[in-house]
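Working notes for the structure below.
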Amino acid sequence: MRAWLMDGYEGVEKMRLGEVPDPQPGPAQVLLRVKFAALNPADAFLARRMYPANPSLPHILGRDGVGDVIAVGTGVESVWVGETVGILRCEVGVEQWGTLAEKVVVPAKSVARIPTGWSDEEMAGAPLVFLTAWQALTQWADPPAPPSSKTILLVTGASGGVGVASVLLGKSMNLTVVALSRSAEKRAKLKQLGADFVFDPMDNNLIEMVTAALSPRKVDLAVDNVGGVLLPQVVALLGHGGRISVVGRSGGMVPKFNTATLFFRRNRIGGVSVGDFTAQEAFAAWEHIVGRLDAMGQRPQVDTIVPFEEVKTGFDRLAQGPMGKVLVQVAD
């Protein structure tokens, strides 16, 4: 099969399109002919050894995707040859070969049928970002549960994959959503998706504008996809007991962070790792997500679809900041 091969940790720019033997499904696994794959920032981080994984080389990136089942291993009774399925969170694209290939082996317990009314493209890019957003929103309760109605949610990098998912899920939970994006066009789109307030994070008066819009309340929960110089401003916008779920670091490292800013309002910062979900937990969360999107009449957002031969162009688009997901069409 053809696949995009990663021979080292010099970045996605160094990947090459080559051929490798077709993988074969083992017990409890299925083999998919990939139709669409989706790109994620974590792919690019892994390609530069900035992600906690150490796959054998050459490696094939790609965690999300949709494909047709063309073979099943022994013991598989939940999926049949000929079905089209999507991939939920698993080791595909992390420690095992991923979806930037014509075929991929996936644990049978980590595939899901395409929801009624969804396209292959919508399914291909949805699971990882929506499961991540779900964890970011629910992790502060024990057991995990959605925040209470009217909680004020701030989403940084709101036009990206996890950002859009956080906005949509936040609205499904009846939260007041504040979305940050540098693009006026994307801010308008975020308003269409339901965001109550949208702001440019580069505005010098960001804190004053958000504070005035929310007065007398403050931000209760933030989903931060950016980090960098923006994080201290996010902390400044939190109210008493406010929390930050840290998802990404597209803005780089946080310079000169003053931990004293967390003290007197008892603010908390917590990391998000969708890898902590078991297959059963991921499937249960996915069912909640699909039900909420269907109830709202909303669907995952696709920004761009690139041909299989142009995967590097797709990663360029991902680095530019898409409105939703960047997909790769692997097969017709």
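The values are calculated or read from the model by the stated rules, or taken from the named source; none is laboratory data. Note that the structure is a prediction, hence the values are computed from the model and not measured. Neighbour counts run over all protein chains shown; Cβ positions are idealised from the backbone, glycine included. Accessible surface is based on the protein model in full, side chains and every heavy atom, while ligands, DNA and RNA are left aside. Shrake-Rupley method; radii C 1.70, N 1.55, O 1.52, S 1.80 Å.
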Only unsatisfied item for Val229, checking (1) modelled with pLDDT under 95; (2) open to solvent by less than 60 Å² (accessible area, probe 1.4 Å); (3) of a type in the set (A, V, I, L, M), is (2)
Condition set of a type outside the set (A, V, I, L, M, F, W, C) and assigned to a helix (DSSP H, G or I), scope the stretch 211-245, selection nearest to Phe130 (Cα to Cα): answer is Gly228
Per the filter on the stretch 275-307, residues outside any helix (DSSP H, G or I), touching a residue at least 60 places away in the same chain (Cβ under 8 Å) and over 16 Å from the mean Cα position of the chain (by Cα) are Gln298, Ile305
- Query: Is it the case that some residue within the stretch 296-313 is in contact with a strand residue (DSSP E or B) (Cβ under 7 Å, 6 or more places away or on another chain), over 21 Å from Gly86 (Cβ atoms) and of a type in the set (Lys, Arg)?
  - Reply: no
Checking Ala28, Ala44, Ala101 in turn, the sole residue that is over 17 Å from the mean Cα position of the chain (by Cα), of a type in the set (Gly, Ala, Ser) and open to solvent by 10 Å² or more (accessible area, probe 1.4 Å) turns out to be Ala28
Exception for Arg89 within (1) at pLDDT below 95; (2) farther than 30 Å from Thr176 by Cβ falls at (2)
Among residues of the stretch 246-265 being of a type in the set (S, T, N, Q) and assigned to a helix (DSSP H, G or I), the residue most open to solvent (accessible area, probe 1.4 Å) is Thr259
For the stretch 114-126, pairs from a residue that is touching a residue at least 12 places away in the same chain (Cβ under 8 Å) to a residue that is open to solvent by less than 40 Å² (accessible area, probe 1.4 Å) and in a helix (DSSP H, G or I), with Cβ under 6 Å and 6 or more apart or across chains, are Ile114/Met123; Pro115/Val290
Filtering the stretch 14-29 for residues that are assigned to a loop (DSSP other than H, G, I, E, B) and among the small types (Gly, Ala, Ser) leaves a count of 2
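Here is a yes/no grid of residues against (1) open to solvent by 20 Å² or more (accessible area, probe 1.4 Å); (2) modelled with pLDDT of 95 or more; (3) under 20 Å from Thr211 (Cβ atoms):
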{"position": "Gln139", "(1), (2), (3)": "yes, yes, no"}
{"position": "Ala145", "(1), (2), (3)": "yes, yes, no"}
{"position": "Leu153", "(1), (2), (3)": "no, yes, yes"}
{"position": "Leu168", "(1), (2), (3)": "no, yes, no"}
{"position": "Asn174", "(1), (2), (3)": "yes, yes, no"}
{"position": "Leu180", "(1), (2), (3)": "no, yes, yes"}
{"position": "Asp196", "(1), (2), (3)": "yes, yes, yes"}
